[in-house]
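The values are calculated or read from the model by the stated rules, or taken from the named source; none is laboratory data. Just so it is clear, the model here is predicted, and its values are computed rather than measured. Please note: Cβ atoms are built from the backbone with ideal geometry, for glycine as well, and neighbour counts cover all protein chains shown. To get the accessible areas, we keep the full protein, side chains included, count just its heavy atoms, and leave off ligands, DNA and RNA. Shrake-Rupley method; radii C 1.70, N 1.55, O 1.52, S 1.80 Å.
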Amino acid sequence: MAVGALIVVGVAAGPAAAHAEVTASDPRALAENVTLSFTSEAESDTAGIAELRVVLPKGIGPDAVTLKEAPKEWKLTATPDGYAIGGAALPTGTDAEYSITVRQLPDEKSLAFKTLETYGDGKIARWIEVPTNGEKVDNPAPRLELKAAAPGAKPIAPGPSASPTPSAAPSLKPSPAAPSAPVASASAQAASEEDAGSSVGLIVGVIAAVVLMAGVGTFWWLRRSRA
C-alpha cells in the first residue's frame, strides 16, 4: 500500500519536461535544399504558443531559409540573426510544429538553433543553452548532429539578399551639392566673357594708338615737305 502510494506520488511529481527538437531530411554537412523540421512542446496550462524566435547557427543566413510548412496563418519573417515564425496562438497544450528549407547546411559537426517560445499570455520559454563536454543543461537548444559531407560536396555561392541594404536604396531628396556645378559653370563663363572683353578692349586701344601715331607722323611729314 505504502509502495503504491509512493509510486503515485512519484509519477505526479515528475512529469516529462517540455523541450524543442529539430530533425533534417539530409543531415550531412554541405547538403543542399535540406528540410529542417522543428517541434516545440507546449508547456503552459493557460495559453498556447504564438511565436517562435530562432537564432540561426553560423553558416546559415536568414536569406538561405524559406518556409515549407507551418500552422495555419503562421508566417515566417527574417531577422538580423535568424527568423521569427508565428501568428494566432495555438490551442493550449498544442505543440508547435513547422518545417523550413535551407539552401545548404554548413560544414560543421553539429548545429544549435537557439529558440524562444512566446505564448499568448506573454510567457516566454527560452531553449537557448548549448551543452559542452557532454554536460546536461536545463533548457537545451534544438541541436542537429551532422554526418560528413558527401564526396565532392562544395559550398555554394550565397544567394541575393532578401532586401536591399540601406546604402543601396535610392535617395528621393535632391543632393544639396547638386546646384554647385551650374553655379560654378556660370561663374566660369562670366569670368571668360570678362577676360574676352578685356582682350578686345586692349586690342582696340593698341590699334587706336597706332592710327594716332601714324596720323601724327603723316602730319609732321607733310609740314616738313611744305617747308
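Quick notes on this one:
- All other residues whose Cβ lies under 14 angstrom from that of PRO151 are scored, Lys and Arg at +1 and Asp and Glu at -1, for a net of +2.
- Of the GluC sites (Glu not before Pro) found in the stretch 43-77, those that fall in a DSSP loop while having at most 14 other beta-carbon atoms within 10 Å are GLU73.
- ASP81 sits with roughly 70 Å² accessible to a 1.4 Å probe, with DNA, RNA and ligands left out of the calculation.
- With K and R counted +1 and D and E -1, the other residues having a Cβ less than 12 Å from that of ILE124 yield a net charge of -1.
- Total formal charge among the other residues, if their Cβ is under 14 angstrom from that of GLU108, Lys/Arg +1 and Asp/Glu -1: +3
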